[in-house]
Amino acid sequence: MIVNRTRKIAYGGIAAALTSAMLVLTGNLPMGGYVCAVLAGIVNLCFSCKIGRLYTWLSFAASGIIACLLCTDRSGVLLYLLLTGYYPMLRTAIQGHWFRVVLKALTAVGSGSIYLFLCVGILGMAEALLQQYGQMIPAVLMIGYGLAFIAFDYMLGQFEKRYLGEVIRMMDRLMK
């Protein structure tokens, strides 16, 4: 039992290191804030299936703290913290429930509102857009965020269907 728990903690550390490394790349690559945040979420999905949700949540928290301290692109880190980091684990938890559509919609609206508030209100990223286009820009950004959420959810579903079993088998071979 102790060996199994120790192994899960070690895998959680590997997951935190991988996602932190991907998130550090957000400021160095064009469009890296979005691409690296999505890839880090996929790493969380793979490790969630391998070591369980508890240890993956702990690795999510560790990688989030590391990313907040080390990353230069704050919007990529916010996207990871507010959507792509935890949503794959939440998605697997609500997979068979009848109210999953309502939970997905609440997740999209809630995380989108917080993301928009933090990016516009605190980080001041869209002030030029607000001055140029007026009061409609928050609605347009929320619609864009909702469409991105739908695309991300669809991509996770396709990844689970087609590749997740192969990735888990490959992880088993590499980590023996």
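The values are calculated or read from the model by the stated rules, or taken from the named source; none is laboratory data. Nothing here was measured: the structure is a model prediction, and the numbers come from that model. FYI the Cβ positions are ideal-geometry reconstructions off the backbone, even for glycines, and counts take in every protein chain you see.
So Ile168 passes all but one of these: (1) modelled with pLDDT under 75; (2) in contact with a helix residue (DSSP H, G or I) (Cβ under 8 Å, 6 or more places away or on another chain); (3) more than 21 Å from Ser75 (Cβ to Cβ). Which condition number does it fail?
With (1) modelled with pLDDT under 75; (2) in contact with a helix residue (DSSP H, G or I) (Cβ under 8 Å, 6 or more places away or on another chain); (3) more than 21 Å from Ser75 (Cβ to Cβ) applied to Ile168, the lone miss is (1).
Scanning the range 107-126 for residues that are of a type in the set (Gly, Ala, Ser) and either surrounded by fewer than 15 Cβ atoms within 10 Å (Cβ to Cβ) or out of contact with any Gly (no Cβ under 8 Å at 6 or more places or on another chain) (or both), which turns out modelled with the lowest pLDDT?
Applying the filter and picking the extreme gives Ala126.
Would you confirm whether any residue within the range 86-106 is touching a Gly at 6+ places or on another chain (Cβ under 7 Å) and small (Gly, Ala, Ser)?
no
Is it the case that Leu129 is at pLDDT below 80 and either touching a His at 6+ places or on another chain (Cβ under 8 Å) or not in a loop (DSSP other than H, G, I, E, B) (or both)?
Against the criterion (at pLDDT below 80 and either touching a His at 6+ places or on another chain (Cβ under 8 Å) or not in a loop (DSSP other than H, G, I, E, B) (or both)), Leu129 qualifies.
Can you go through Leu79, Leu58, Leu54 and tell me which one is under 28 Å from Ile150 (Cβ atoms), part of a helix (DSSP H, G or I) and touching a helix residue (DSSP H, G or I) at 6+ places or on another chain (Cβ under 9 Å)?
Leu79 is the lone residue from the list that is under 28 Å from Ile150 (Cβ atoms), part of a helix (DSSP H, G or I) and touching a helix residue (DSSP H, G or I) at 6+ places or on another chain (Cβ under 9 Å).
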